[in-house]
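Inspection log for the structure reproduced underneath, given as structure tokens.
Derivation of every value follows stated rules applied to the coordinates shown; laboratory data play no part. Being a predicted model, the structure only gives us computed values, none of them experimental. For neighbour counting, all protein chains shown are included, and Cβ atoms are generated from backbone atoms with ideal geometry for every residue, glycine included.
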Ligand SMILES: [Zn+2]
Ligand SMILES: [Zn+2]
């Protein structure tokens with residue numbers, strides 16, 4: 001089968017023929033239909049995370065959708081022909097304190113698709129049936145691919161924030177994550193404020209369902225949010241330490257700023273800013289399998305499909321280059 005393989009960090013992926021994966025008794029073989037290109041893939045390929053112990057060569061890609069082609073003997077939940085998705089989390093031990101507390105996405109023994117085991121930049125991918133998710137009817141199998149990482153990343157903190165009806169939710173950054181965050185928060189009944197830079201994405205934010213749009217270039221986002229009464233929840237999807245600092249001021253009483261982007265630069269926080277108003281800063285990483293199934297059902301029920309640009313697998317290096325230059329508007333999806 002054809003695959004795009006990372007053979008060395010910091011080098012272009014190598015397009016080549018590789019053997020098809022052999023499925024174990026509890027695994028399924030999936031014919032890839034779409035694989036989203038996440039910013040994490042860029043970090044992986046560029047070697048930013050080389051200390052994570054990624055075995056080389058590796059086939060990247062953790063936003064995979066496709067059709068089950070073969071199911072192992074012990075698989076009872078899926079059968080050939082089923083539309084499915086394979087996310088970042090491909091194994092959690094079920095026994096460690098994190099798993100036992102219900103936070104399986106924090107399992108130290110976790111296997112990650114496209115990071116520690118082969119992912120979806122290939123014509124076929126295998127995964128344990130227990131960590132493979134059925135894609136509900138009504139979602140386009142190719143366009144749905146980014147839901148498997150970008151979608152769950154924004155849905156999980158929204159879901160766990162409780163009833164958001166009428167509450168102000170700000171989504172800072174309108175990219176692969178942010179555009180889904182706006183749509184999901186709006187569908188949950190929140191008063192959605194999109195935070196973006198420049199005029200470019202303003203119209204898009206309104207189309208996606210944002211009730212108000214803040215231009216962080218004109219004035220600090222936090223000041224503008226504070227004038228609106230402050231946000232109950234802010235999803236920070238933009239990779240900017242400055243935006244992180246700005247957002248804290250925009251939190252309302254008991255408000256929470258949730259960091260969803262891998263911001264590696266230092267940022268300044270004045271602790272007093274958290275004290276008055278009992279504000280919180282939190283991180284959130286993907287979600288549990290239950291969050292994933294809930295998100296997929298929610299997306300199907302509310303007609304929330306990622307806005308994607310489709311590119312053939314063979315052009316993956318160009319796609320990654322365009323992502324490095326910030327030229328992918330929202331999300332790219334590779335097709336076989
Ligand atoms: Zn991702
Ligand atoms: Zn565990």
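So the values come out like this:
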item	result
Cα pair distances of the chain binned at 10 Å [whole percent]	6, 26, 34, 24, 9, 1
Helix-only mean residue ellipticity at 222 nm for the chain, each DSSP H run of n ≥ 4 adding -39500 (n - 2.57), per residue, nearest 500	-6500 deg cm²/dmol
Potential lengthening between residue 43 and residue 218 on full extension [0.36 nm per residue; Cα-Cα distance subtracted]	59.9 nm
Order of 199, 20 under a 10 Å beta carbon neighbour criterion, fewest first	199, 20
Degrees separating the helix 178-187 axis from the principal Cα axis of the chain, which is the longest one	70
Under 12 Å from the residue 301 label point (7 Å along Cα→beta-carbon), backbone N, region 48-65	none
Gaussian network model of the chain, springs between alpha carbon atoms under 10 Å - residue of 43, 62, 133 with greatest fluctuation	43
Between helix 150-159 and the chain: long-axis angle, C-alpha atoms, 0 to 90°, nearest 10	50
Relative contact order of region 242-336, defined on C-alpha pairs under 8 angstrom at six or more residues apart (%)	23
Point-to-point label distance, residue 137-residue 242, nm (Cα→Cβ direction, 7 Å offset)	5.0
Relative contact order for region 154-283, counting Cα pairs under 8 Å that sit 6 or more residues apart, in percent	21
Global geometry of region 1-155, whether rounded, prolate or oblate, following the gyration tensor of its Cα atoms and the 1.5 cut on a/c	rounded
Among 274, 148, 260, residue whose mean-square fluctuation peaks in a GNM of the chain (springs only between Cα atoms under 10 Å)	274
Gyration tensor verdict on region 154-283 (Cα atoms; rounded if a/c is under 1.5, prolate if a/b is larger than b/c, oblate otherwise)	rounded
Kirkwood hydrodynamic radius (C-alpha pairs) into Stokes-Einstein, region 62-118, 25 °C and 0.890 mPa s, D in µm²/s	193
C-alpha long axis of helix 289-301 to longest principal axis of the chain, angle in °	80
For the chain: relative contact order, % (alpha-carbon pairs under 8 angstrom, 6 or more apart)	18
Region 265-336: C-alpha gyration tensor shape, a/c 1.5 cut-off, then a/b vs b/c	oblate
Rounded to 5, the percent of DSSP beta bridges in the chain classed as antiparallel	50
Whole-angstrom gap from region 240-260 to region 93-110, using each part's C-alpha centre	28
Fluctuation leader among 210, 165, 150 - the chain, Gaussian network, Cα springs under 10 angstrom	165
By average C-beta atoms within 10 angstrom, highest first, the peptides 289-300, 49-60	289-300, 49-60
